[in-house]
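Below you'll find the structure, written out as structure tokens, and then a few comments.
The values are calculated or read from the model by the stated rules, or taken from the named source; none is laboratory data. Keep in mind it's a predicted model, so treat the numbers as computed, not measured. Backbone-built Cβ (ideal geometry, glycine too); neighbour counts: all protein chains shown.
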Amino acid sequence: MESFVVFVVVVCVLVAMFLKAGIKVVSQSDLMVIERLGKFHRVLDGGFHIIIPFIDQVRATLTAREQLVDITKQQVITKDNVNIAVDGIVFLKIFDGKMAVYNVEDYKRAISNLAMTTLRGEIGGMLLDDTLSSRDRLNGALQMALGDAANNWGVKIMRVEISEISVPEGIEEAMNMQMKAEREKRAIELKAEAEKAALIRNAEGLKQEKVLEAEAIERMADAKKYEQIALAEGQKDAMDNINMAMGASEFAAQYLLAQNRISAFNELAKSPSKDKILVPYEVTELVGSLSLVKEFLSKKNSKETR
């Protein structure tokens with residue numbers, strides 16, 4: 001009886017071991033490569049799977065998630081013979097577990113070494129300034145070069161990023177001095193451009209001012225011309241009217257003379273000078289009469305004397 005119990009226990013243990021070896025539950029993010037009698041059989045993805053124990057063996061368990069591979073920092077010489085240090089990161093993802101296991105011994109190390117070699121070749125054909133300013137170009141070249149090789153290893157290169165480019169201290173100081181000189185040069189050029197623009201604006205303003213002054217003088221001359229023409233026309237009309245009036249009446253001329261005398265007398269009366277004598281018009285006629293009488297008497301005396 002005891003031997004039977006032992007037998008049952010042994011059988012149960014064997015069954016449990018058999019079931020454990022034959023049932024595989026694979027995570028959603030993993031891939032499991034199965035070999036049958038030492039030869040590739042199939043790749044198990046996420047879920048419940050049954051294999052033949054002791055005949056089917058798990059060759060490798062791979063992750064289906066995106067992975068990071070560091071590009072080891074290395075010294076690279078640029079085209080203009082500057083020694084710089086460069087490192088980066090490669091993002092990859094396995095799309096074929098069989099190729100990743102059987103086509104390359106270690107796909108991560110292979111991709112890292114290939115990235116370093118490709119990076120050295122790309123930077124060796126570029127100048128220092130292009131290297132520092134063309135990271136996108138380097139990333140694209142690395143991704144293309146790594147992608148062709150990684151496809152044979154069942155790996156897809158998602159993207160490549162150059163994380164750091166370090167230059168020697170002396171070169172960095174020289175670059176800083178060059179950048180400072182470029183900024184100063186740009187500032188001087190901008191200042192010169194601003195002064196030039198200001199001079200041009202001032203010249204344009206002065207030109208516009210002179211043009212406006214000339215236009216104003218021309219308009220004033222035209223106004224004076226029209227004023228003189230209008231005045232001459234008025235004087236002409238007045239003279240024509242005077243001539244017509246004098247032809248129509250003999251008193252017209254006397255009226256004009258009397259009007260001019262009154263105006264002259266008013267202007268003379270307004271003068272503040274004390275050296276003036278106002279003589280009425282009748283007195284002048286009397287003086288004229290007396291002069292005629294004197295002349296008549298002088299002529300009569302001369303006759304009597306003869």
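Within region 80-96, residues that are touching a residue at least 24 places away in the same chain (Cβ under 8 Å) and farther than 25 Å from G124 by Cβ have Cβ atoms under 6 Å from residues that are outside any loop (DSSP other than H, G, I, E, B) and charged (D, E, K, R) in these pairs: K93/K156; F95/K156, counting only partners at least 6 apart in sequence or on another chain.
Residues in region 47-66 that are without any contact (Cβ under 8 Å) to a residue 24 or more places away in the chain and not in a strand (DSSP E or B): I55 only. Is there a residue in region 159-170 that is more than 30 Å from V90 (Cβ to Cβ) and either assigned to a helix (DSSP H, G or I) or of a type in the set (V, I, T) (or both)? Scanning region 159-170, I find at least one residue that is more than 30 Å from V90 (Cβ to Cβ) and either assigned to a helix (DSSP H, G or I) or of a type in the set (V, I, T) (or both), so the answer is yes.
Residues checked against (1) modelled with pLDDT under 70; (2) within 30 Å of T131 (Cβ to Cβ):
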position: R186; (1), (2): no, yes
position: Q208; (1), (2): no, no
position: I217; (1), (2): no, no
position: A230; (1), (2): no, no
position: M239; (1), (2): no, no
position: E250; (1), (2): yes, no
position: N260; (1), (2): yes, no
position: S263; (1), (2): yes, no
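Taken over region 104-133, the criterion of being farther than 29 Å from I94 by Cα and surrounded by fewer than 17 Cβ atoms within 10 Å (Cβ to Cβ) is satisfied by G124, G125, L127, D129, D130, L132, S133.
Exactly one residue out of K20, K79, K73 is in the same structural domain as N113 (by TED's automatic domain parsing) and either out of contact with any helix residue (DSSP H, G or I) (no Cβ under 7 Å at 6 or more places or on another chain) or at positive phi (or both), and it is K73. Figure legend. Inter-residue proximity from region 6-20: first residues assigned to a helix (DSSP H, G or I), second residues of a type in the set (A, V, I, L, M), beta-carbon distance below 6 Å, spacing 6+ or different chains. No pairs are indicated. The sole residue among R109, R120 that is in a helix (DSSP H, G or I) and either touching a Lys or Arg at 6+ places or on another chain (Cβ under 7 Å) or without any contact (Cβ under 8 Å) to a residue 24 or more places away in the chain (or both) is R109.
Looking across region 121-146 at every residue that is aliphatic (A, V, I, L, M) and within 18 Å of Q75 (Cα to Cα), the one that is modelled with the lowest pLDDT is identified as L132. Conditions: (1) touching a strand residue (DSSP E or B) at 6+ places or on another chain (Cβ under 8 Å); (2) within 30 Å of E161 (Cα to Cα). R42 meets all but one. Number of the miss? It fails just one condition, (2).
Across region 67-97, the qualifying residues are those that are of a type in the set (D, E, K, R) and part of a loop (DSSP other than H, G, I, E, B), and the one among them that is farthest from the chain's Cα centre (by Cα) is D96. Would you please name the residue that is surrounded by the most Cβ atoms within 10 Å (Cβ to Cβ), looking only at residues in region 57-96 that are touching a Pro at 6+ places or on another chain (Cβ under 8 Å) and over 20 Å from N139 (Cβ atoms)? Once the filter is applied, the top-ranked residue is V82. Scanning region 39-56 for residues that are over 28 Å from Q67 (Cβ atoms) and either loosely packed, with under 13 Cβ neighbours inside 10 Å or basic (K, R) (or both) yields a count of 3.
Reported count of residues in region 19-66, each being farther than 20 Å from A100 by Cβ and either within 57 Å of the chain's Cα centre (by Cα) or among the aromatic types (F, W, Y) (or both), is 2.
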